[in-house]
Amino acid sequence: MKGMAIKVLILAVGGAVLSGCASMPTRIGVQSGKNYDIIGKGEGSAGGFMLLQFIPIAHNSKLQRAYDEAVQSRGGDDLINLVLKESWYWAYIGDGYRVHIEGDVIKYKK
């Protein structure tokens, strides 16, 4: 019984560690075949942290969050002419990362 509990614990911890490194792909750019109007400049920022160089905290989604913030800053649908900047800092317990996106916000024509 004790051996079974240890196996379950190892599988649970292993599954949690592996699932923590998963992220969704980020689509950047204009959808092909659609016409659009340029609304104006937009920008957004987001950050994440790698605790103990191993545990991601809001790290995998930072690019998508910064992109969404830039698009929503002007109430548009997408960005073109992107400028992406990334910076990082070191701390005793891990590394922090910051993404800043700037670009022209567009609105698709109906």
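Okay, here's what the table says:
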item: Pairwise FRET efficiency - residue 90 versus residue 2, Cβ, R0 = 25 Å, nearest 0.05; result: 0.05
item: Per-peptide average of other Cβ atoms within 10 Å, ordering 93-102, 6-15, 65-74, 46-55 highest first; result: 65-74, 93-102, 46-55, 6-15
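Each value in this text was obtained by applying a stated rule to the coordinates, not by laboratory testing. These numbers come from a predicted model, not from an experiment. Using ideal geometry, Cβ is built from the backbone for each residue, glycine included, and neighbour counts are taken over all protein chains shown.
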